[in-house]
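The values are calculated or read from the model by the stated rules, or taken from the named source; none is laboratory data. Note that the structure is a prediction, hence the values are computed from the model and not measured. Backbone-built Cβ (ideal geometry, glycine too); neighbour counts: all protein chains shown.
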Amino acid sequence: MNLKKKIPIYLIAAVFLIPICSRAQSSPVYSEIDPSRDPINQALEAHGLTRQTCAFPIISSASSNERSLECPAYRYLFHNPFQIPYVMGHIEYNFECYRDNLLRTMIFMAGRIGAGVARGYFTTPLADLEKRLDEAKPEERIKIALNEIYASAGKSLSDEETTKVLDAVKNVPQIVQTEAARLLITSAQAVHWQRKAIEKAVKSDYKNLLDNIPRRLTPPMRPEDRIPTISEEWEREAQSDLRPLLNLIDLSALISGAQDLMSSLEQTRAVFASEPVAEKFHAEFDTPIGLVVLNGIGENNKYQANVNYLLIMDFGGDDEYSGGGANRSAAEPVSILLDFDGNDSYKQVSAPFATAFGAGTLGYGFLFDFAGNDKYISLQMTQGCGFFGVGWLVDFEGDDVYECIRFGQGMAHAGLGLLYDRSGNDVYYCYNSAQGCGRTLGCGMLVDEAGNDEYIANDSDIRFSSAQDRRHNRSEAQGVGMGERADEKDGHSLPGGIGILMDKQGNDKYTAAIFAQGMSFWNGLGFLIDSGGDDQYSGVWYVQGVGVHGGIGALCDRDGNDSYTATLHAAQGVGHDSSIGIFIDEKGDDVYQSPRLSLGCANENSIALFLDMQGNDRYNLSSTEALGRAQFSKFGTMREDQLNVGIFIDAGGNDEYPTVKGRQNSLWVQQPSQGIKLKSELGAGIDGDFERVDLPLRPLTKKPPNVDW
């Protein structure tokens, strides 16, 4: 791979630059604490605030002017910042309650983007189709499903085609035929929902946008380069071209089809869990909406790129996949890949950047891999990506490797994207827009349940140069909600979606550059939740619980002796420009390497909270603009007396502050820089061994056993 010659100096775009104030910093005033009282209230009271008054007023404006495209929870949390950890706890608990019910997880994710559809929640929407299959003779079930598939494409199944298909599957076990029929008949139903979802776009002047979205998002590239260099300007223009689809695609209808598919996939999964397949067989046949391939045990099979696979069911062998489990366009709406055993290779690196392996683009892509140590390598729109669609990748077992460039590993833009890994020591590698990334109207989640995992957003090969520092990539990864800033363009900025990275167990490593690790930009929501283990977090700028330009970003680490490193600016509980940033570490002896604007620092009318609840911690800082500070530079404007609150709290343990102002068992309060007290300079820090911290981090009650709600 040929890299361009490094630029000898780096430029920082003024539009993104954090103001650097040259005025002298006054020393804070120190006072005693009351260990019997909640430290959050004590810090707020130092400036005459309460939890009710430490909130943006309802009339205040965040950055986006397209409120109809915001996530439903955004406005509530923007005006109720102390509810953010509680909501994160509910997200985590919901996943725990329904870890074996992926349909309920999909319903939950759909609700996060305002798609109020819950098919299968109270009723069985496919009951009539299921009844037809159940009542039919086993050998007739494939035929019934095929009739539905052909009808969905506006065609009739001929006797000749019927005979050809039935002959192809004659050696396939009846249980496999039945489950294939179930998935095919549901796919036909999903096509109905997909057509309904895109109907308005098809009838509009923007019909051409439905053609080959992956190609539209692939920049020109030199033949000798494996990876393109993608500027922010090019990417903004490319995504701006697709903007009309946001108001033309019916996401509720689209997700209705996805929920039907998930309901059938769950049934198929349960059937084969109780009755494993142990026969050798091979069958394949074409349909109007894609190829069907059924393979038994005993063979290492190869699946080609540039084939429109409707359904792959592979029951054994170390297989090589160059395609499958991802629909490629609106004309090819469904692709399902089920691999039941083997150490498999999923690799698709051909140009143009085609969808692959659990990606939905104007349709549906599902990949379930049930066993084996697998490797997933692909470029973009992959590994749990919904781009105007629904894309899921679920890996149930094994030590796995996931690699992509961007738009993958739990990423969504106007849709749902989930990468769910149930076990094993896994490695996740990307450059940009991945690992729990939600763009406009998208809910992107990466969930890893167990193992010592590594999350990497490349910062050595600079292909996504950041405006903050051209020497680093803009990662936009590891629990981020990313909007589109257009105030310097046409003024039609777009809000971010919701991006979530959740790791349940293990000693994990998180590495990224700029925009990462529980971070949000432009009216989005970005959450990183790590439930246990001795973890390492490393980043550069806008990382580790940061909100920027109206964003709400939060990081919560539940347990373990952790290390947090940020090298340049703005990290570890920071809000910048009408934003909210929250950082919470519940337990463990932690070490912080912190830059300017960190550890509970609000900048330009924001709210920032840093909370380390227990443990003997060490804070190594490179600047005094940290540890509970409200930084402000826009004096002489109406923003000078608008809320800007930075709070630092260490609630337990013997802590070290070797470089700057923090003190054990003390409260320190920021002093005015202009000789008068302004709402824009409300910073405070507090350290002590407190009896309690009144901040709900989890649901207040538990779901009753054997109750579904």
Sort out for me the strands (runs of 3 or more DSSP E) sitting completely within the range 370-486 that have 1 or more residues that are within 27 Å of SER335 (Cβ to Cβ) and of a type in the set (Lys, Arg).
375-378, 406-408
So the helices (runs of 4 or more DSSP H) completely within the range 173-244 holding 2 or more residues that are within 25 Å of the chain's Cα centre (by Cα) and without any contact (Cβ under 8 Å) to a residue 60 or more places away in the chain are 232-241
Could you tell me whether any residue of the range 87-95 is touching a Leu at 6+ places or on another chain (Cβ under 9 Å) and under 19 Å from ALA270 (Cα atoms)?
no
I'm trying to understand the selection: among the residues of the range 96-152, which are in a loop (DSSP other than H, G, I, E, B), of a type in the set (A, V, I, L, M, F, W, C) and over 32 Å from the mean Cα position of the chain (by Cα)?
ALA136
Would you point out the residue of the range 556-577, among those that are within 19 Å of SER531 (Cα to Cα) and in contact (Cβ under 8 Å) with a residue 60 or more places away in the chain, that is surrounded by the most Cβ atoms within 10 Å (Cβ to Cβ)?
GLY573
Would you call ILE552 of a type in the set (Val, Ile, Thr), within 16 Å of SER433 (Cα to Cα) and surrounded by 21 or more Cβ atoms within 10 Å (Cβ to Cβ)?
no
Can you name the residue in the range 288-306 that is of a type in the set (Val, Ile, Thr) and touching a strand residue (DSSP E or B) at 6+ places or on another chain (Cβ under 6 Å) and is also surrounded by the most Cβ atoms within 10 Å (Cβ to Cβ) among such residues?
VAL292
Taking the condition surrounded by 14 or more Cβ atoms within 10 Å (Cβ to Cβ), of a type outside the set (Gly, Ala, Ser) and within 25 Å of ILE91 (Cα to Cα), does PRO595 pass?
no
Does the range 108-118 include one or more residues that are within 25 Å of GLY290 (Cα to Cα), crowded, with 22+ Cβ neighbours inside 10 Å, in contact with a strand residue (DSSP E or B) (Cβ under 9 Å, 6 or more places away or on another chain) and touching a residue at least 24 places away in the same chain (Cβ under 8 Å)?
no
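Each row is one residue, and each column tells you yes or no for (1) among the hydrophobic types (A, V, I, L, M, F, W, C); (2) closer than 21 Å to TYR86 by Cβ; (3) touching a Pro at 6+ places or on another chain (Cβ under 7 Å).
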{"site": "VAL645", "(1), (2), (3)": "yes, yes, no"}
{"site": "GLN664", "(1), (2), (3)": "no, no, no"}
{"site": "VAL669", "(1), (2), (3)": "yes, no, yes"}
{"site": "SER673", "(1), (2), (3)": "no, no, no"}
Take the residues in the range 153-172 that are of a type in the set (D, E, K, R) and part of a helix (DSSP H, G or I), then tell me which one is surrounded by the most Cβ atoms within 10 Å (Cβ to Cβ).
GLU161
Out of everything in the range 441-468 that is among the hydrophobic types (A, V, I, L, M, F, W, C) and buried (at least 23 other Cβ atoms within 10 Å of the Cβ), what residue ends up being modelled with the lowest pLDDT?
PHE464
Taking the range 490-518 and keeping residues within 17 Å of TYR428 (Cβ to Cβ), in a strand (DSSP E or B) and without any contact (Cβ under 8 Å) to a residue 60 or more places away in the chain leaves ASP503, LYS509, TYR510, THR511, PHE515, ALA516
Is there any pair with a first residue in the range 29-43 that is assigned to a helix (DSSP H, G or I) and a second that is modelled with pLDDT of 95 or more and surrounded by fewer than 17 Cβ atoms within 10 Å (Cβ to Cβ) whose Cβ atoms are under 8 Å apart and which are 6 or more apart or on different chains, and what are they?
ILE40/ARG51; ILE40/ASP694; ASN41/THR50; ASN41/ARG51; ASN41/ASP694; GLN42/ASP34
Kindly provide the set of residues from the range 261-299 that are farther than 19 Å from GLY365 by Cβ, among the β-branched types (Val, Ile, Thr) and not in a helix (DSSP H, G or I), ordered by number.
VAL277, ILE297
Do we have any residue at all in the range 359-369 that's farther than 24 Å from ARG216 by Cα and in contact with a Lys or Arg (Cβ under 8 Å, 6 or more places away or on another chain)?
yes
Tally the residues that are in a loop (DSSP other than H, G, I, E, B), within 24 Å of the chain's Cα centre (by Cα) and either under 24 Å from ILE227 (Cβ atoms) or among the hydrophobic types (A, V, I, L, M, F, W, C) (or both), restricting the search to the range 328-358.
8
Quick one: is GLY533 in a strand (DSSP E or B) and touching a residue at least 24 places away in the same chain (Cβ under 8 Å)?
no
In the range 578-587, which residues are buried (at least 24 other Cβ atoms within 10 Å of the Cβ) and either modelled with pLDDT under 95 or assigned to a loop (DSSP other than H, G, I, E, B) (or both)?
SER578, SER579
